[in-house]
Amino acid sequence: MSLQGTPVLILKEDSQRTTGKDAISSNIAAARVISEAIRSALGPKGMDKMLLDSFGDVVITNDGATILKEIDIAHPIGKMMVELSKMQDQEVGDGTTTVVILAGEFLQKAGELFSADKIHPTILVEGFRVATEKAIEFLNEMAIDVDIKDETLLTQVVNTTMGSKIVSRSSNMLAKIVIDAVKSINPGKGKIDIEDIKVEKKEGEDIESTILVKGIVLDKEVVHAGMPKTLKNPKIALISEAFEVSKTEFDSELSISDPSKIQEFLDRETDMIKRLVDKTIESGANVVIAQKGIDDVAQHLMAKKKIMAIRRVKKSDMEKLAKATGAKIVSKISDLNADDLGTAGIVRETKVGDDDMVFVEDCPLAKSVTILVRGGTELVVDEAERSIHDAICVVRNVFEDKKVVPGGGAPEAYVSRKLRKFAESLVGREQLAVLAFAEALEVVPRTLAENAGLDPIDIIVALRNEHEAGNTKAGIDVLTGKVRDMDDIVEPLRVKTHAISAASENAQMILRIDDIIASKKSEAGPGAPGGPGGDTGGDDFD
C-alpha cells in the first residue's frame, strides 16, 4: 500500500500475506490434503494407518480421529480439520473419518465453482447453509424408529461401527458386552453418561477373552501380603485422605536433647496412625480403598484385623466405585461411619496376564461397570479399546434418540437425490451451491466403492437408479460388490446428522477466509521484537 507515492508498512518485516483468490485456494488445498490422507480408511474394506511418533511409539488404526490426532500438523486449516474430527468423536463417537472426507469434498466442489464460474464465497456459504438445513430435514424423513429392547437391531448397529475395525471378527460377542454395559448403567431412560462404563485393557489371551464386570476393575493389588485376597459381601470404605502422618507445608526442624524422647516421638506417630485404623475398624469396614497412600504401620494393623486395603486409586475410579457400590467418598477418616460404607457381591484380587488386579464385582447397584479388554498385543488391545468406545457411543445414541438410518452410503445417496430436486426450486447462483453440496455427499458411497476395489462409476450409477426407483434403503454391500437394501446395516441417525452439519459448518468457515497474515518468529533477545519485553510474532506456516 502507498500513500501519495510513499510506501506504508503496517506489518513486520518478513511477514507473509496472502489475500483473495490465492488465500481461498490455499485453504481449500490444505483441507483437501488432510481429507485425502484418511480417505482410504473409510468403510469395512478401509485400510489401516501406521503412525510413528518422535519417541518411537507406534499406533496402528483406521479411526479417523486417532489418525489425525497422532499426525503433527502445522497448517492452521489442517488443525481445523483435526478439531472437526475430534469434536465428531466427542459428540457422537463414530463417523470421524466421514466428517473429514465430507468437509474436504464440500470445499473441493466450492473451489470448482469459485474458480470456474466466479461465484463469490458468500453465495457459496449461503447455498451450503440452506443445503445443510434441508439435508438434516431429509435425513429425519428417512430415519427408522426403533425399539431399544430389540437386541438384534442393537447388535446390527454395533456390527456396522465395528465392521471396519480389527475386532470385526468378534463383533457379535463384543456387541453383547457393550449392549449389556449400556443397559446396566441406564435401562433406556434419559441421558447416558458413558464415563460410567470403564474400559480397562490388559494385553494377553485374545479379544474373545474380553469380559463385562458388573462393578469396577482396578489395576492395583492388595497392599499387604497378610491381608485377605477375597472377601464376600464386604463393607467397602472409600477414603480420599491418606493413612499417613500429615507433613507440614514448610520446612521444620525438631531438636531432641534426650535420646529417650526419640522413641516417644515415634510412638506418637504410631498412635496417630493407629487412631485412623481404629476409626476404620469401628465403622465396620473390611475393605478400604484409598485415593492416597497407606503407611506401613497402617498396613500392618489392617492386616492383623483381616482388612483388605488398596491404595493410590485414581479419583475417577473412586467416583465410579461410589456409583457401583453405593459407598460415599469420605474426605476425613475421623468422619467415617457405617452409613458411608458400600457393598458388593465379592471383592477379589486375581492375576490377569502378568499383573494382579482387584475386581469389585456383583454390585447390587451396578450404576458403573467395567469392560476388561484383552488382546494378543498392546497394539491390538489399544485398537480394540477404541472400537469399543465407538460401539458404546453408537449404542448410547440409539438409546437416547431411538432412530437409525440405513448404512452403506444409503443416507448420502438419498439426501443427494432429494437436494437435486430441491435445487430446481431455487433461483440464482445459490442453486449451483446446493447442487455442488448434493454432488459432494456422494463422496461417501464413492469412497466405499473405491476402498473395496469396485468401479465407483458403475456403483454410483446403480445406486442412483435404485433411489430413483424409490428404494430409499439401497446402499453398497462392499462384501458382495452389489447395491442392495441395507436392512441389516444400520447406523444411528445422530452420527449422520452431526457429520453433515459439522462438515458443512467447517467448510463454510474456511470459505469465508480471504486474507492470511503470517508473522515469522524473530530471533529475539530481551526487548527485541518477539523476545521477552518485545512484540510477539505468530507462527509461520506454509
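Every number in this text was worked out from the coordinates using simple rules, so none of it is lab data. Computed from a prediction, not measured in an experiment: that's the story for all the values here. Cβ sites come from the backbone with ideal geometry, for glycine too, and all protein chains shown count toward neighbours.
Under a crude label model (7 Å from the Cα following the beta-carbon direction), how far is Asp206 from His300 in nanometres?
Calculated label separation equals 5.0 nm.
Fewest to most neighbouring Cβ within 10 Å: what's the order for Leu301, Leu426?
By the 10 Å Cβ count, ascending, the order reads Leu426, Leu301.
Report the charge-dipole magnitude of the range 216-365 in Debye, nearest 20, computed about the Cα centre from +1 at each Lys and Arg Cβ and -1 at each Asp and Glu Cβ. The partial results should precede the final answer.
Numbers: 24 positive and 27 negative charges, 125 e Å.
With only Lys, Arg, Asp and Glu charged at Cβ, the dipole is about 600 debye.
Give me the number: length gained by fully extending Asn337 to Ala225, i.e. 0.36 nm times residue separation minus the C-alpha to C-alpha distance, one decimal in nm.
37.7 nm
Where does helix 315-325 land angle-wise versus the long Cα axis of the chain, in degrees 0 to 90, nearest 10?
Helix 315-325 sits at roughly 80 degrees to that axis.
Run the dipole for the range 374-440 about the Cα centre, Lys and Arg Cβ at +1, Asp and Glu Cβ at -1, nothing else charged, and hand back the magnitude in debye, nearest 20.
Charge dipole, the range 374-440, about its Cα centre: 460 debye, nearest 20.
Could you tell me which residue out of Val92, Val158, Ala23 lies farthest along the dipole of the range 22-173 toward its positive end? Charges go on the beta carbon: Lys and Arg +1, Asp and Glu -1, centred on the Cα centre.
Projecting each Cα onto the dipole axis, the largest value belongs to Ala23.
Please list log₁₀ I(q)/I(0) at q = 0.10 Å⁻¹ for the range 216-365, using the Debye equation with identical point scatterers on the alpha-carbon positions.
-0.37
Report the convex hull volume per residue for the range 394-451, counting only C-alpha atoms, in Å³. Intermediate results must be reported in sequence, preceding the final value.
Numbers: hull volume 5.8 nm³, N = 58.
Dividing the Cα hull volume of the range 394-451 by its residue count gives 100 Å³.
Going by alpha carbons, how many degrees (0 to 90, nearest 10) lie between the helix axis of 410-423 and the longest principal axis of the chain?
Taking Cα atoms only, the helix is inclined about 40 degrees.
Only Lys, Arg, Asp and Glu count, each charged at its Cβ (+1, +1, -1, -1), so figure out the dipole size of the range 314-370 about its Cα centre, rounded to 20 debye. Don't skip to the answer; put the middle values down first.
Values: 9 positive and 11 negative charges, 52 e Å.
Result for the range 314-370 is approximately 240 debye, rounded to the nearest 20.
Quick one: grab Rg to one decimal and Dmax as a whole number for the chain, Cα atoms only, in Å.
29.8, 100
By how many degrees, 0 to 90 and rounded to 10, does the Cα axis of helix 456-468 deviate from the longest principal axis of the chain?
Approximately 90 degrees, to the nearest 10.
Nearest 500 deg cm²/dmol is fine: what mean residue ellipticity at 222 nm does the chain get from its DSSP H runs of n ≥ 4 alone, each adding -39,500 (n - 2.57), divided by its residue count?
That comes out to -15000 deg cm²/dmol.
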